[in-house]
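Engineer: The following block contains the structure, expressed as C-alpha cells.
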Amino acid sequence: MAQIAFIGLGNMGGPMAANLVKAGHAVTGFDLSPSSCAEAKAAGLSIAASAVAAVSAADVIVTMLPAGKHVRSVWAEIAPKAKAGALIIDSSTIDVESARAVHAVASAAGLKPVDAPVSGGTGGAKGATLTFMVGGEADAFAAAKPILEQMGKKVVHCGGAGAGQAAKICNNMILGISMIGVGEAFALAEKLGLSHQALFDVASTSSGQCWSLTTYCPVPGPVPTSPANNGYKPGFAAELMLKDLKLSQEAAAAVGASTPLGAAAAQLYALFNGAGHGGTDFSGIIEMLRGQKA
Ligand code: NAD
C-alpha cells in the first residue's frame, strides 16, 4: 500500500483515483471543484485543502488536469513541497514541450517524473482498462508500472521525457484522419446505392480495415456498440479530438514535420466544433461530411 496524492478529480481523474482506493492505497485528493471533491470523498479518498497539502506525505503523486498550463502551474507549486524521491505521474493529455518542461522541474526537485497519458476514455477510467503511454527514465517507469496497472490494462514504455505524449498525439492523429476517411467512404457508398452492411463486410475484411471502421463504425448497424447506434453520444467527444489534433499540429510545427492530412483533420474537426457539435462523439463528423450538419 502506498500513500498516493491525486490532483484533478474530474471525469477521468475521479474514477482513476477511486480504482487506486479499491486497490488498497491511501489516496488523498485535491480538485478546485467542490463537487468533484465530494464525489471523490464518497469513493473513499481523503480530501486535502490544497494541492501542496495533498502531496506533503505522498510516495506517489498523480495529476489528471485539462491542459499543459494547468500541469505546469500545479507541478511548479507541488514539486518543491513533495517528499524527496517521490514518483510523480502526469496522465493528462498535454503538449510535448510542457511535458518536457515539467519533467525538468520535478527532476530538479529530486522527484521521479513520468508522463503517462491514457487512451480508453471515461469507460476505461471507470473499468480500470486504460492504456498508458509512458515517457521517462527506466527507474521511474519501473516504479510507475505497478501503480498504473491498477488503473489500466496496458502500460507501454515509449521512451524518455515526453515520449508518452508524443505517442498519444501520433495515435490520435491517425484516429482523427481514419475516422474522416471511413466517414467519407460511407457517405460516398450511400450516394452510390451501396448498403452500409455491404461496405462494412467488404472493407472490414479488406485493405480498408481499421479501428474507426471495425470497432467504432460511424453508421448504425454493423457494429452495435458504436456511438452511431446511440445518437453519437460520446464516447470520445469531438472537442477532445480537436484538442488532440491541435496538439499534433503544434508538435509538427515545432519539429518541422509535414502532416497535411493531420492539418486537414484538425480543420474539419474545428468546423464541426465551431458549428456547435463539440459535445457529440467524434464519429458524428460523418453527418457534416454528408452535408447534414453545418
Ligand atoms: P475534466 O475537466 O473532467 O477534469 C479536470 C479536472 O481538473 C477538473 O475537475 C478541474 O476542476 C481540475 N483542475 C483544473 N485545474 C486544477 C488545479 N489547478 N488544481 C486542481 N484541480 C484542477 O477533464 P477530464 O475529462 O478528466 O480530462 C483530464 C485529462 O485527460 C485531459 O487532459 C484530457 O484531454 C485527458 N483525456 C480525457 C479523456 C476523456 O475521455 N475525458 C480521454 C483521454 C484523455
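The values are calculated or read from the model by the stated rules, or taken from the named source; none is laboratory data. This structure is a prediction, so every number in the text was calculated from the model and none was measured. Positions of Cβ are backbone-derived with ideal geometry, glycine not excepted, and every protein chain shown enters the neighbour counts. Surface areas here come from the heavy atoms of the whole protein model, side chains and all, with no ligands, DNA or RNA. Shrake-Rupley method; radii C 1.70, N 1.55, O 1.52, S 1.80 Å.
Engineer: Among the residues of the range 107-124, are any open to solvent by less than 10 Å² (accessible area, probe 1.4 Å), over 21 Å from Leu9 (Cβ atoms), within 16 Å of the ligand (Cβ to nearest atom) and hydrophobic (A, V, I, L, M, F, W, C)?
Structural biologist: No, the conditions are met nowhere in the range 107-124.
Engineer: Tell me yes or no: at least one residue of the range 228-235 is touching a residue at least 24 places away in the same chain (Cβ under 8 Å), open to solvent by 10 Å² or more (accessible area, probe 1.4 Å), within 12 Å of the ligand (Cβ to nearest atom) and among the small types (Gly, Ala, Ser).
Structural biologist: Within the range 228-235 (the criterion being touching a residue at least 24 places away in the same chain (Cβ under 8 Å), open to solvent by 10 Å² or more (accessible area, probe 1.4 Å), within 12 Å of the ligand (Cβ to nearest atom) and among the small types (Gly, Ala, Ser)), the answer is yes, since at least one residue qualifies.
Engineer: Tally up the residues in the range 204-227 that are open to solvent by 80 Å² or more (accessible area, probe 1.4 Å) and under 18 Å from Ile180 (Cβ atoms), please. Explain how you work it out, then say what you get.
Structural biologist: First, the residues of the range 204-227 that are open to solvent by 80 Å² or more (accessible area, probe 1.4 Å): 205, 207, 209, 211, 224-225.
Okay, now just the ones that are also under 18 Å from Ile180 (Cβ atoms), so 207, 209, 211.
The number of residues fulfilling the criteria is 3.
Engineer: OK, next. When you look at Leu111, is it within 30 Å of Ser248 (Cα to Cα), in contact with a strand residue (DSSP E or B) (Cβ under 9 Å, 6 or more places away or on another chain) and modelled with pLDDT of 95 or more, yes or no? So that I can check it myself, show each step before the final result.
Structural biologist: On the way: within 30 Å of Ser248 (Cα to Cα): yes; in contact with a strand residue (DSSP E or B) (Cβ under 9 Å, 6 or more places away or on another chain): yes; modelled with pLDDT of 95 or more: yes.
For Leu111, the condition - within 30 Å of Ser248 (Cα to Cα), in contact with a strand residue (DSSP E or B) (Cβ under 9 Å, 6 or more places away or on another chain) and modelled with pLDDT of 95 or more - is met.
Engineer: Restricting to the range 57-72, and then to whatever is within 9 Å of the ligand (Cβ to nearest atom) and of a type in the set (Val, Ile, Thr), can you tell me which residue is nearest to Ile4 (Cα to Cα)?
Structural biologist: Thr63
Engineer: Please list, ordered by first then second residue, the pairs with beta carbon atoms under 9 Å, 6 or more apart or interchain, first in the range 146-174 and on the phi > 0 side of the Ramachandran plot, second surrounded by 23 or more Cβ atoms within 10 Å (Cβ to Cβ) and part of a strand (DSSP E or B).
Structural biologist: Gly159/Val134; Gly159/Gly135; Gly162/Asp115; Gly162/Gly135
Engineer: Also, I was wondering about something else. Under the condition of being among the aliphatic types (A, V, I, L, M) and open to solvent by 10 Å² or more (accessible area, probe 1.4 Å), which residue from the range 88-101 is farthest from the ligand (Cβ to nearest atom)? Walk me through how you get there before you give the answer.
Structural biologist: Of the range 88-101, the ones among the aliphatic types (A, V, I, L, M) are 88-89, 94, 96, 99, 101.
After this cut, where a residue has to be open to solvent by 10 Å² or more (accessible area, probe 1.4 Å) as well, the list is 96, 101.
Details: Val96: 13, Ala101: 16 Å.
My answer is Ala101.
Engineer: Within the range 161-182, restricting attention to residues that are surrounded by 24 or more Cβ atoms within 10 Å (Cβ to Cβ) and of a type outside the set (A, V, I, L, M, F, W, C), which residue is nearest to Ser206 (Cα to Cα)?
Structural biologist: Gly176
Engineer: Right, here's the next one. I'd like the full set of residues that are charged (D, E, K, R) and part of a helix (DSSP H, G or I), limited to the range 232-263.
Structural biologist: Going through the range 232-263, the residues charged (D, E, K, R) turn out to be 233, 239, 243-244, 246, 250.
Those that are charged (D, E, K, R) and part of a helix (DSSP H, G or I): Glu239, Lys243, Asp244, Lys246, Glu250.
Engineer: Then there is this: Just need a number here: residues in the range 19-56 that are within 11 Å of the ligand (Cβ to nearest atom) and assigned to a loop (DSSP other than H, G, I, E, B). Steps first, answer last, please.
Structural biologist: Residues of the range 19-56 that are within 11 Å of the ligand (Cβ to nearest atom), as a first pass: 29-37, 39-40, 48, 50-52, 54.
Add one more test, that the residue is assigned to a loop (DSSP other than H, G, I, E, B), and what stays is 31-33, 48, 50.
Total satisfying the criteria: 5.
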